[in-house]
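The values are calculated or read from the model by the stated rules, or taken from the named source; none is laboratory data. All figures in this text were calculated on a predicted structure; none of them were measured in a lab. We place every Cβ from the backbone using ideal geometry, glycine too, and count neighbours over all the protein chains shown. The area values use the complete protein model at the heavy-atom level, side chains included, leaving out ligands, DNA and RNA. Shrake-Rupley method; radii C 1.70, N 1.55, O 1.52, S 1.80 Å.
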Amino acid sequence: MALVVICGQPCSGKSTTALCLSEALRESEFKPAVRIIDEASFHLDRNQSYADMPSEKNLRGVLRSEVDRSCSKDSIIIVDSLNNIKGYRYELWCLARASGIRYCVVFCDVEETHCRKWNEDRGEKGEPSYNEKIFNDLVRRFERPDRRNRWDSPLFELWPSKGGVDKSSPAILEAVSYLTKRVDSKTRDVKILQPTIATQTTRSSEANSLYEMDRATQEVINAIVGAQSQALGGPINGISLGGGLPSVDVSRPVGLPELRRLRRTFIKLTGQTSLSGRPPPSDAYSAKRMFVDYLNRELGSS
């Protein structure tokens with residue numbers, strides 16, 4: 001039904017806002033299904049995630065990939081993160097457009113001094129907080145949303161440091177009304193994004209790629225398990241997959257749980273399509289070759 005992007009400086013009340021909005025939506029007349037996607041969903045440490053640009057890019061890729069998988073016309077997705085880069089908010093807007101759903105941004109507008117104080121208070125209580133260096137860097141690079149940009153509109157603004165945030169906050173109520181209002185031919189104040197031919201083709205291509213990758217990697221796992229079973233725990237010089245593919249080098253017994261974990265990690269990493277990232281492989285051979293290379297690196301370093 002909709003994608004909601006929570007935006008704000010570090011420690012500006014975004015998570016509280018996401019929870020209040022979620023509760024208000026569930027208590028509304030339509031009682032839609034609501035899901036919050038945030039760093040905590042993936043057990044990501046905020047200081048490690050923003051320690052450097054590669055880590056930050058990886059974080060955004062993980063969140064974006066999950067949003068892409070979750071966007072549908074059956075639920076409301078709330079992205080609770082900094083969402084501080086306007087280019088990244090544009091990416092999220094494109095995902096909403098490709099899904100043909102509503103989109104809005106909820107901005108927690110809090111002065112830096114209040115954010116800094118709240119961050120320090122969280123640290124003193126032993127709660128997750130940013131170290132000073134990362135906090136200063138994030139504050140410096142924050143790009144405020146502008147309602148004139150289509151990826152920042154409609155924009156609902158909150159001021160948590162002045163009046164706090166709860167389910168009855170005016171901006172929360174306005175957002176709930178926008179997200180749940182019934183749309184008909186006479187509705188003018190609610191915009192449902194329409195997918196273009198280009199975005200529909202891309203999503204279809206990505207879906208096929210993910211299907212091929214899922215099937216191909218499972219075949220590699222089955223081949224490894226089968227070869228180890230025939231070896232009865234003995235040494236294996238190399239597991240041949242045929243078809244011109246490189247062999248899998250296994251210098252020690254590798255259990256199925258470990259193989260499944262490596263497979264999940266590979267699919268997650270390969271499926272992350274960031275601003276400069278490449279799409280997943282679209283054929284089984286390429287997917288198998290990439291997975292074999294990944295396994296040889298991971299198993300060879302253990």
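Looking at (1) within 21 Å of GLU91 (Cα to Cα); (2) modelled with pLDDT under 95; (3) among the aliphatic types (A, V, I, L, M), which is the one condition that is false for VAL183?
(1)
Is it true that some residue in the range 156-164 is of a type in the set (Ser, Thr, Tyr) and either touching a helix residue (DSSP H, G or I) at 6+ places or on another chain (Cβ under 8 Å) or open to solvent by 80 Å² or more (accessible area, probe 1.4 Å) (or both)? Outline the logic, then answer.
Pass one, the range 156-164, residues of a type in the set (Ser, Thr, Tyr): 161.
Narrowing further to those that are either touching a helix residue (DSSP H, G or I) at 6+ places or on another chain (Cβ under 8 Å) or open to solvent by 80 Å² or more (accessible area, probe 1.4 Å) (or both): 161.
Yes; the residues of the range 156-164 include at least one that is of a type in the set (Ser, Thr, Tyr) and either touching a helix residue (DSSP H, G or I) at 6+ places or on another chain (Cβ under 8 Å) or open to solvent by 80 Å² or more (accessible area, probe 1.4 Å) (or both).
Only residues that are surrounded by fewer than 21 Cβ atoms within 10 Å (Cβ to Cβ), within 23 Å of LEU44 (Cβ to Cβ) and β-branched (Val, Ile, Thr): list them for the range 110-141, please.
ILE134, VAL139, listed by residue number.
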